[in-house]
Amino acid sequence: MTAPLHEPTAETAPSAAEEAALASADAKAVQGRSLGRIAWERLKRDKIALSGGVVVLLLILVAVFAPLLAGQDPDAYHENLIDPLFGTPKGSLGGISGDHLLGVEPVSGRDIFARVVYGARISLLVGFLSALVAVVLGTILGVLAGFFGGWVDSAISRVMDGLLAFPQLLFIIALVSVMPNQMLGLTGTGVRLFVMILVIGFFGWPYIGRVVRGQTLSLREREYVEAARSLGAGRFYILFKELLPNLVAPIIVYTTMMIPTNILTEAALSFLGVGVKPPTSSWGQMLSSAIDYYDSDPMYMVVPGVAIFITVLAFNLFGDGVRDALDPKGSR
């Protein structure tokens, strides 16, 4: 009696090693990966974005550990390092030496390295906190406009249009100029920082609000939202459990893009004299003071300018990489 046609013979039957290899391959094939892990693997392949992220991390560490890195008081005067006739630093390249790695300021002799390190605190503080204010307001109002539609959408959209057309910089200059020196337990520089963070964040939320509104309009028509409605889910459940988790990616992307813009805004305000008050260190304030010495001491202008350039460039490179990792179908 012959063997059945479909029964494997000794020659065609797979060996134990082959069966184990096939089982291992099948297990790897069905192994799932989260969206965060997929995005991280894409981001790791972008070396330029990673280099920008490393610089951003270093800047944050510099701001946090400024007292340790500076090594001296950024407001301490060193008149002995200044030429009494011309008011410029003694020595070459703005007085660079072993004790003063980036030289000293004209007239006052304050250490530029210490002031740049402490200035990173002001720039990053305003950049991050004003972005946080804008993200919170923009996410809440954008989701409400996109989800409810009707008169709610119309009202919020008109507010967005009005704020986008408003001269933000002029309003901040006028507001900071008339603010009292004491408010809510804050004094001097604290008041100006508080006002700058709130105003920059308030005028920045329409940008992210428009993006969130558009994404919400698209997501509310998806099948899983309709399925949740059919199962009796309430509006707040759909908002917080179905829509918001799917809005995390665009929110993160636009947050990374807003921070460098806010840093530039703070530098511009300090440059115009309506930012933090002296002697508090600020990169924009240093650039403003360096205008009178650009020909006799160019290093005084170069150092804070390079600090602003590197910071904004690093955030932009990292933001582009995050966008490509979370939205690979998007175009630059």
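The values are calculated or read from the model by the stated rules, or taken from the named source; none is laboratory data. The structure presented is a predicted model; accordingly, all values stated were derived computationally and were not measured. Cβ atoms come from the backbone with ideal geometry, glycine included; neighbour counts cover every protein chain shown. SASA here: full protein model, heavy atoms, side chains in, ligands and nucleic acids out. Shrake-Rupley method; radii C 1.70, N 1.55, O 1.52, S 1.80 Å.
Worth a mention:
- Comparing region 107-216 with the 2.2 N^0.38 Å rule of thumb, its C-alpha radius of gyration ratio is 1.34 (two decimals).
- Degrees separating the helix 168-178 axis from the principal Cα axis of the chain, which is the longest one: 50 degrees
- 4 °C / 1.567 mPa s Stokes-Einstein diffusion coefficient of region 244-295, Kirkwood radius on C-alpha pairs, µm²/s: 101 µm²/s
- For region 190-330: accessible area per residue (Å², 1.4 Å): 47 Å²
- Our coupling estimate for region 274-280, obtained by passing each phi through the Karplus curve with A = 6.51, B = -1.76, C = 1.60 and θ = phi - 60°, is 10, x, 5, 8, x, x, 4 Hz, Gly and Pro reported as x.
- Among ALA145, ALA268, VAL54 - extreme Cα towards positive end, dipole of the chain, charges at beta-carbon: ALA145
- Along each principal axis, Cα extent of the chain, largest first, Å: 116, 60, 34
- When the solvent-accessible area of the chain is split by element, carbon and sulfur atoms take up 66 percent of it, the probe being 1.4 Å.
- Size of electric dipole in the chain: Cβ of Lys, Arg +1 and of Asp, Glu -1, about Cα centre, debye, nearest 20: 880 debye
- Taking the charge dipole of the chain about its Cα centre, with +1 at Lys and Arg Cβ atoms and -1 at Asp and Glu Cβ atoms, the residue from GLY209, PRO74, PHE315 reaching farthest to the positive side is GLY209.
- Long-range amide H partners of ILE82 with built H, under 5 Å: LYS90
- Max mean-square fluctuation residue, GNM over the chain, Cα-Cα springs under 10 Å, options ILE112, ILE140, ILE208: ILE140
- Longest segment of the chain lacking GluC sites (Glu not before Pro) that sit in a DSSP loop with at most 15 other Cβ atoms within 10 Å: 12-220
- Listed residues ARG110, ARG37, ARG213, most fluctuating in the chain (Gaussian network, C-alpha, under 10 Å): ARG37
- Efficiency of FRET between PHE171 and PHE65 - r from beta-carbon atoms, R0 45 angstrom, step 0.05: 0.80
- Fluctuation leader among MET179, MET257, MET286 - the chain, Gaussian network, Cα springs under 10 angstrom: MET179
- Surface per residue (accessible, 1.4 Å probe) for region 37-189, Å²: 53 Å²
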